[in-house]
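Note sheet for the following structure.
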Amino acid sequence: MNLLDISRRQLLYELYESKKMIYRILNLPAEAQSLVSMSISPFLSLLCDGIDNLFSEENSKLSESLGLIDEVSFTKLMSRNRASIKLLTDKKISNAIKIIDKQLLSFNNALTKDYNILQKCYVSIFGQPGLGVYFYKGAAFANTSQLSIYQDMFRKMTNNDITDSRLGPIIRNFSEIQSSYINSFASQIEGNLMPKIESKKCKVNIIDSNFLEKDFIFSNEAKRNVFMSSDDKNSTLYLFNLKCQLSFSLNIIPLIIEKNHALRFRIEMIVYYQSVKTIEFLIKNNKFPLNNTNKEIIDNVLIDFNSIFLNNNLRSNIYHYRFSEDNAQMEMTNDFFISMVEFQTQQNFNDIFNIIENDMEKLIEVLDEITSLI
């Protein structure tokens, strides 16, 4: 079997699991369904991009046949949605913070644009909550700033007006096409190489009462009631977004994806990679506050990180479904993804993944201290 065939088989295997994951999300209570689906959307776009790269003809992408959403191609929106996994970390830190600040200002203006005189007076006295934080069993896993980055490409279609009646249908249409595109390829192995999926059996033990939402005043400095111990609220929110993505990956991904499945491993490894590279970049630019204890923790995480990712193509292989050419030399096991990771790192997969999850827990503890909400 050549590398293209192996890559396609691996993608189909993860598409099959992602179809079960989508059913698990659809079977959640309404509020939980909404919160989880928003956070998982960029990773579904990663799968859609994999289909385009592995099954398209040379001069066109398969997704281009899926048409337009409010005059914008699904292909373009999917690509931008996929890129939002990086949470602006591929931009200069100063530019990224400006983008976050602009998004929250736009959100705040949309909330208050139709206020009457009494409402505006109330806001001037008491402030206007502009940052919503979502908790799962007490752990913050998402916030409106982070989710606005995931949905930036949709809001731009309404000139950043979150009250525009088109926004909801645009996001729903995109999600429906995403799921349909995934299903069309998952069906190639469903009931053939893999058992038929029964949607009613795809359930997880998540209930609405597991979730809590709190609103905070962020944009109004005089009335601000969040990140009070921070001198730079914008940089702190940037780090808080990172912390929420780590928390979602550790606390919710294992509930909606089978624990020992490559799709779960891939998502957690991507979040780990992106988080450590971001923190490393911030430290080099003196934008990451460190006391002696946290410095030792981060230094050890960086040692672990380099032992896994340095001098190999692992990063490319977790972000893309086409295996790099050097994997032609790897020894195949029943799980191509695990074979690839062990070949690239020359280490045992279970040892690597344990290190990654332990390091993610440590990063959350450090970020919790820096981004304390009260």
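The values are calculated or read from the model by the stated rules, or taken from the named source; none is laboratory data. Quick caveat, the model's predicted, so the values are computed rather than measured. Cβ coordinates were reconstructed from backbone atoms using ideal geometry, including for glycine residues, and neighbour counts include every protein chain displayed. Side chains are part of the model used for accessible areas, which takes the heavy atoms of the whole protein and leaves out ligands, DNA and RNA. Shrake-Rupley method; radii C 1.70, N 1.55, O 1.52, S 1.80 Å.
³J(HN,Hα) across region 64-78 via Karplus (A = 6.51, B = -1.76, C = 1.60, θ = phi - 60°), whole Hz, x for Gly/Pro?
Those phi angles translate into 5, 7, 7, x, 10, 10, 6, 6, 10, 5, 4, 4, 5, 5, 4 Hz.
First measure r as the distance between the Cβ atoms of LYS223 and LEU26, then evaluate 1/(1 + (r/R0)^6) with R0 = 51 Å and state the FRET efficiency to the nearest 0.05. Intermediate results must be reported in sequence, preceding the final value.
Numbers: r = 39 Å, r/R0 = 0.77.
With a Förster radius of 51 Å, E is 0.85.
Per residue of the chain, what 222 nm ellipticity follows from adding -39500 (n - 2.57) for every DSSP H run with n ≥ 4, rounded to the nearest 500?
My calculation for the chain gives -19500 deg cm²/dmol from helical runs alone.
To make sure I understand the rule: partners must be lysines, Cα under 16 Å from the Cα of LYS284, and not fewer than 8 residues away in the same chain. Which ones qualify?
Counting by Cα, and skipping residues close in sequence, LYS284 has these lysines nearby: LYS91, LYS92, LYS295.
For region 109-174, which trypsin sites (Lys or Arg not before Pro) are both in a DSSP coil and crowded by at most 16 other Cβ atoms within 10 Å?
In loop regions of region 109-174 (DSSP not H, G, I, E or B), the sparsely surrounded trypsin sites (Lys or Arg not before Pro) are LYS113, LYS137, ARG166.
How about LYS19: which lysines have a C-alpha closer than 29 Å to its C-alpha, ignoring those fewer than 8 places off in the same chain?
By straight Cα distance, LYS19 reaches LYS61, LYS76, LYS86, LYS137, LYS156, LYS196, LYS200, LYS201, LYS203, LYS243, LYS259.
Provide the gained length on full extension for the span GLN119 to SER73, in nm with one decimal, where the gain is 0.36 nm per separating residue minus the Cα-Cα distance.
On the way: separation 46, 0.36 × 46 = 16.56 nm, distance 3.98 nm.
Gain in length upon complete extension: 12.6 nm.
Output wanted: per-residue J couplings in Hz (rounded whole) for region 167-176, from phi through Karplus 6.51 cos²θ - 1.76 cosθ + 1.60, θ = phi - 60°, x for Gly and Pro.
So the Karplus estimates, Gly and Pro as x, are 4, x, x, 4, 5, 5, 4, 4, 4, 5 Hz.
Hey, can you grab everything whose amide H is under 5 Å from the amide H of ASN225? Only 5+ residues off in sequence or another chain; H modelled, so Pro and N-termini drop out.
Counting only residues 5 or more places away or on other chains, the set is ILE217.
Within the accessible area of the chain, what % is carbon and sulfur when the probe is 1.4 Å and the other protein chains stay in place? Could the numbers behind the result be given before it?
Numbers: 8450 of 17690 Å².
For the chain, the apolar C and S fraction of the accessible surface comes to 48 percent.
Suppose each label sits 7 Å from its Cα in the direction of the beta carbon; what would the LYS102-HIS320 distance come out to in nanometres?
Computed distance between label sites LYS102 and HIS320 equals 2.9 nm.
Relative to the longest principal axis of the chain, what angle (0 to 90°, nearest 10) does the C-alpha long axis of helix 117-126 take?
The two axes meet at around 80 degrees.
Hey, can you find the accessible area per residue of the chain for me, probe 1.4 Å, expressed in square angstrom?
Each residue of the chain exposes 47 Å² on average to a 1.4 Å probe.
Within the chain, which is the longest segment containing none of the GluC sites (Glu not before Pro) that sit in a DSSP loop and have at most 16 other Cβ atoms within 10 Å?
With a cap of 16 other Cβ atoms within 10 Å, the longest stretch comes to 72-197.
Show me, for region 138-144, the HN-Hα J-couplings you get by feeding each phi into the Karplus relation (A = 6.51, B = -1.76, C = 1.60, θ = phi - 60°), rounded to Hz, glycine and proline as x.
Computed from phi, the couplings for region 138-144 are x, 9, 5, 10, 7, 8, 5 Hz.
Rounded to the nearest 5, what is the percent of antiparallel bridges among the DSSP beta bridges in the chain?
For the chain, the DSSP antiparallel bridge percentage is about 90.
Among (i) 69, 50, 41; (ii) 55, 50, 44; (iii) 119, 97, 32, which is the computed Cα extents along the principal axes in Å?
Read-out from the structure maps to (i).
Using Cα pairs closer than 8 Å and at least 6 residues apart in sequence, work out the relative contact order for the chain, in percent. Spell out each step's value before the answer.
Details: 421 pairs, mean separation 96.3, N = 374.
Computed value for the chain: 26 percent relative contact order.
Would you mind computing, in nm to one decimal, how far apart the modelled labels at ARG80 and ILE189 are, each placed 7 Å from Cα along Cα→Cβ?
3.2 nm
For region 66-119 and region 170-192, write down the distance between their C-alpha centroids in whole Å.
25 Å
Which residue fluctuates most in the GNM of the chain (Cα springs below 10 Å): THR163, THR278, THR75?
Per the Cα network of the chain with a 10 Å cutoff, THR163 tops the list.
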